[in-house]
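*Asks:* Mind looking over this structure? Questions follow.
The values are calculated or read from the model by the stated rules, or taken from the named source; none is laboratory data. Keep in mind the model is a prediction, meaning the values are calculated, not measured. Positions of Cβ are generated from backbone atoms using ideal geometry, with glycine treated the same way; all protein chains shown enter the neighbour counts. Areas reflect the complete protein model, heavy atoms only, side chains present, ligands, DNA and RNA absent. Shrake-Rupley method; radii C 1.70, N 1.55, O 1.52, S 1.80 Å.
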Amino acid sequence: MKLRRLLKVTLLSMFLLCACENPSSEDIQNLPTPETFQKEGHNIKSFSWVNLYDGDGNPINILRGCLDDYDIKLRVTYDDDSIFDYDIKMYKLPRNVRDVLNTEGNHLVKILFRGNVVEGQFKIVPSGKKYQIEYYDNLGNLYKLYNVDPGEVITPPDPIEHPEDYYAFYTDNAWSVDLTGVDINADYRIDPQYTKNFKRSHFYNSKPTSFNTEHNILDVVHDTEHDLEYCYIHIGRFYHMPLYVANLEEVGDTVYHFDGTETETVTLTANFEGVINSYNQLLARTMVQEVLNKDCYYDDTMTSVTPRFINDDSAFLLRPMQLAVVDRSERTISEILHGHTLTQFSDLPGNYELFDTHIGNYLDAHHDLDTLSVNYEIPVGSDTGYYRAIFESDVDVVLELQSLKQVGGLELEHVNCYFLIDPENTRTRLDYHPTSDDFLSTRKCNYTYKGICQDAYYGRDH
């Protein structure tokens, strides 16, 4: 093995190709010392060519661009008549050598060995050969096609983006083969490559109702009897929000660093006891407040030009941990909003209906989750990382701002948070992160005091 490895390095350096029949003596390249690639206990007797000449000793016609099809070899023979064959393949040769062998004409190879010249004639004839470079998109459709002369260098197209789907978004766009600066001497099918990032509390901001607002204002109700105004704002939607982390029975912890296995499947048992507690309705509210606090960032920065409620403590009421969560209700969100449940998102096309199930109402109707035990299998050869079992859902967050009309503006009285889940996409699953046990949101919710103020002010004309 050592001998062959050395030969592959040194034989490349022996090649000398030129476009003339009679190169000068300066064009002849000396071999390295025989000790560099000798066979232990034996000397090299000769070099010769295989499949470069026909039966009459004439150089064969090699179609331009098809050198690899002729199985040409440089043969090393030792004094015990053992041999070593080195395949002459385009991809093994230096750039200048490839350039010559992709040119029509007679090309002479001369090797100097112990004072003797070993010659080889490469006769390259026209072929009309073209190589096809095919680039495909993530759906398997042909994206771009090149027909390339042998030895030509192309400029690859820019990597294409993979559109996100329900489960993941994709980054680090690249091609499966990078042909930048590469001499083309073969056909290629090239597919896109991406880093797949599974969504976790992946937030989409609602589309602003107008230029002056930060979010979609769903409905505004004027209570003239109490001089109150109720402004309903759709903050946005979370996909794959973890609502509850179960206990992993085997490790006695909610987060588990698994070392992976090469020989067997490992089963982790998750117990979801405690998801439901009909005697303690604080569970759902605590659950909601915790996930909002973890997955939302609220900026309460104010400047002299920031629109604001006229009461100074209003910013505190809008912090995620201070939101009064409406986890259960006898009325659907459609009834609360007088049917105004159509929304849009800044980063997603089309119209969407708000989810219509309050989280507490869902938990009340699904007591089977309280005793649920689920087995998850870590497959053979799994990646090392952090695992946890979760109960998750897709979630719409709607704020109800209760305010009093005052001279000079609105006085914010109270903020309710409607936490609405999608019962069709509520599930238990095994969550994974390759490097960290914090399982951070893949896109955090960001909202501002300034934005909420503007929503309330300009929503009065909604």
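*Asks:* Out of everything in segment 309-323 that is hydrophobic (A, V, I, L, M, F, W, C), touching a helix residue (DSSP H, G or I) at 6+ places or on another chain (Cβ under 9 Å) and open to solvent by 40 Å² or more (accessible area, probe 1.4 Å), what residue ends up being nearest to Leu412 (Cα to Cα)?
*Replies:* Phe316
*Asks:* Sticking with this structure for a sec: All but one of (1) more than 34 Å from the chain's Cα centre (by Cα); (2) of a type in the set (A, V, I, L, M, F, W, C); (3) open to solvent by less than 20 Å² (accessible area, probe 1.4 Å) hold for Phe391, so report the exception by its number.
*Replies:* Answer for Phe391: the failing condition is (1).
*Asks:* What do you reckon, is Arg427 out of contact with any helix residue (DSSP H, G or I) (no Cβ under 6 Å at 6 or more places or on another chain), open to solvent by 40 Å² or more (accessible area, probe 1.4 Å) and either more than 30 Å from Glu273 (Cβ to Cβ) or free of Cβ contacts under 8 Å to residues at least 12 places away in the same chain (or both)?
*Replies:* Criteria not met by Arg427.
*Asks:* For segment 171-264, list the strands (runs of 3 or more DSSP E) that sit wholly inside it and hold at least 1 residues that are out of contact with any Phe, Trp or Tyr (no Cβ under 9 Å at 6 or more places or on another chain), more than 15 Å from Val397 (Cβ to Cβ) and not β-branched (Val, Ile, Thr); which are they?
*Replies:* Once the strands (runs of 3 or more DSSP E) in segment 171-264 are filtered for at least 1 residues that are out of contact with any Phe, Trp or Tyr (no Cβ under 9 Å at 6 or more places or on another chain), more than 15 Å from Val397 (Cβ to Cβ) and not β-branched (Val, Ile, Thr), what remains is 228-245.
*Asks:* Among (1) out of contact with any helix residue (DSSP H, G or I) (no Cβ under 8 Å at 6 or more places or on another chain); (2) closer than 30 Å to Ala270 by Cβ; (3) of a type outside the set (A, V, I, L, M); (4) open to solvent by less than 10 Å² (accessible area, probe 1.4 Å), which single condition is Ser206 missing?
*Replies:* Condition not satisfied by Ser206: (2).
*Asks:* What single numbered condition from (1) modelled with pLDDT under 85; (2) surrounded by fewer than 19 Cβ atoms within 10 Å (Cβ to Cβ) fails to hold for Ile276?
*Replies:* (2)
*Asks:* While we're on this one: Picking from Ser346, Ser334, which residue would you name as being closer than 19 Å to Tyr418 by Cα, open to solvent by 30 Å² or more (accessible area, probe 1.4 Å) and among the small types (Gly, Ala, Ser)?
*Replies:* Ser334 is the lone residue from the list that is closer than 19 Å to Tyr418 by Cα, open to solvent by 30 Å² or more (accessible area, probe 1.4 Å) and among the small types (Gly, Ala, Ser).
*Asks:* Spot the failing condition for Gly65; the list is (1) open to solvent by 70 Å² or more (accessible area, probe 1.4 Å); (2) within 28 Å of Ile154 (Cβ to Cβ); (3) part of a loop (DSSP other than H, G, I, E, B), and only one is missed.
*Replies:* (1)
*Asks:* Return the residue satisfying two criteria in turn: it lies in segment 420-462 and is in contact with a strand residue (DSSP E or B) (Cβ under 6 Å, 6 or more places away or on another chain) and in a loop (DSSP other than H, G, I, E, B), and of such residues it is nearest to Val255 (Cα to Cα).
*Replies:* Taking the candidates together, the pick is Asp437.
*Asks:* What pairs come out if I take residues in segment 204-221 that are touching a residue at least 24 places away in the same chain (Cβ under 8 Å) and under 11 Å from Gly459 (Cα atoms) and pair them with residues that are of a type in the set (Lys, Arg) and open to solvent by less than 40 Å² (accessible area, probe 1.4 Å) whose C-beta lies under 7 Å away, six or more apart or interchain?
*Replies:* Close Cβ pairs satisfying both conditions: none exist.
*Asks:* Of everything in segment 399-419, what is assigned to a loop (DSSP other than H, G, I, E, B) and of a type outside the set (A, V, I, L, M, F, W, C)? Give them in sequence order.
*Replies:* Gly408
*Asks:* Starting from residues that are touching a residue at least 40 places away in the same chain (Cβ under 8 Å) and out of contact with any Gly (no Cβ under 6 Å at 6 or more places or on another chain), keep the ones in segment 145-166 and report whichever is farthest from Glu104 (Cα to Cα).
*Replies:* If we take residues in segment 145-166 being touching a residue at least 40 places away in the same chain (Cβ under 8 Å) and out of contact with any Gly (no Cβ under 6 Å at 6 or more places or on another chain), then Tyr166 is farthest from Glu104 (Cα to Cα).
*Asks:* Being at pLDDT 90 or above and among the charged types (D, E, K, R) is the filter here, so list the residues in segment 432-462 that pass it.
*Replies:* Arg443, Lys444, Lys450, Asp455, listed by residue number.
*Asks:* Name the one entry in Gln406, Gln402 that is polar (S, T, N, Q) and in contact with a His (Cβ under 6 Å, 6 or more places away or on another chain).
*Replies:* One residue alone meets the criteria, Gln402.
*Asks:* Before we move on, is Asp394 closer than 23 Å to Tyr204 by Cα, of a type in the set (D, E, K, R) and assigned to a loop (DSSP other than H, G, I, E, B)?
*Replies:* No; evaluated as a whole, the condition is false for this residue.
*Asks:* What residue, among those in segment 304-321 that are free of Cβ contacts under 8 Å to residues at least 40 places away in the same chain and more than 18 Å from Tyr244 (Cα to Cα), is farthest from the chain's Cα centre (by Cα)?
*Replies:* Result: Asp312.
*Asks:* For Tyr447, indicate whether it is surrounded by 19 or more Cβ atoms within 10 Å (Cβ to Cβ), under 19 Å from Val288 (Cα atoms) and among the hydroxyl-bearing types (Ser, Thr, Tyr).
*Replies:* Judged against the criteria, Tyr447 is a match.
*Asks:* Within segment 159-190, take every residue that is of a type in the set (D, E, K, R) and open to solvent by 50 Å² or more (accessible area, probe 1.4 Å) and give me the one that is modelled with the lowest pLDDT.
*Replies:* Asp187
*Asks:* Between residues in segment 123-144 that are under 17 Å from Ala186 (Cβ atoms) and outside any strand (DSSP E or B) and residues that are among the β-branched types (Val, Ile, Thr) and modelled with pLDDT under 95, which pairs lie under 7 Å by C-beta distance while being six or more apart or on different chains?
*Replies:* Correct list of pairs: Lys130/Val148.
*Asks:* Is it the case that Leu372 is in contact (Cβ under 8 Å) with a residue 12 or more places away in the chain, of a type in the set (A, V, I, L, M, F, W, C) and open to solvent by 30 Å² or more (accessible area, probe 1.4 Å)?
*Replies:* It is true that Leu372 is in contact (Cβ under 8 Å) with a residue 12 or more places away in the chain, of a type in the set (A, V, I, L, M, F, W, C) and open to solvent by 30 Å² or more (accessible area, probe 1.4 Å).
*Asks:* Kindly check whether there is at least one residue in segment 295-308 that is modelled with pLDDT of 80 or more, under 30 Å from Tyr376 (Cα atoms), open to solvent by less than 40 Å² (accessible area, probe 1.4 Å) and not small (Gly, Ala, Ser).
*Replies:* The answer is yes, given that some residue of segment 295-308 is modelled with pLDDT of 80 or more, under 30 Å from Tyr376 (Cα atoms), open to solvent by less than 40 Å² (accessible area, probe 1.4 Å) and not small (Gly, Ala, Ser).
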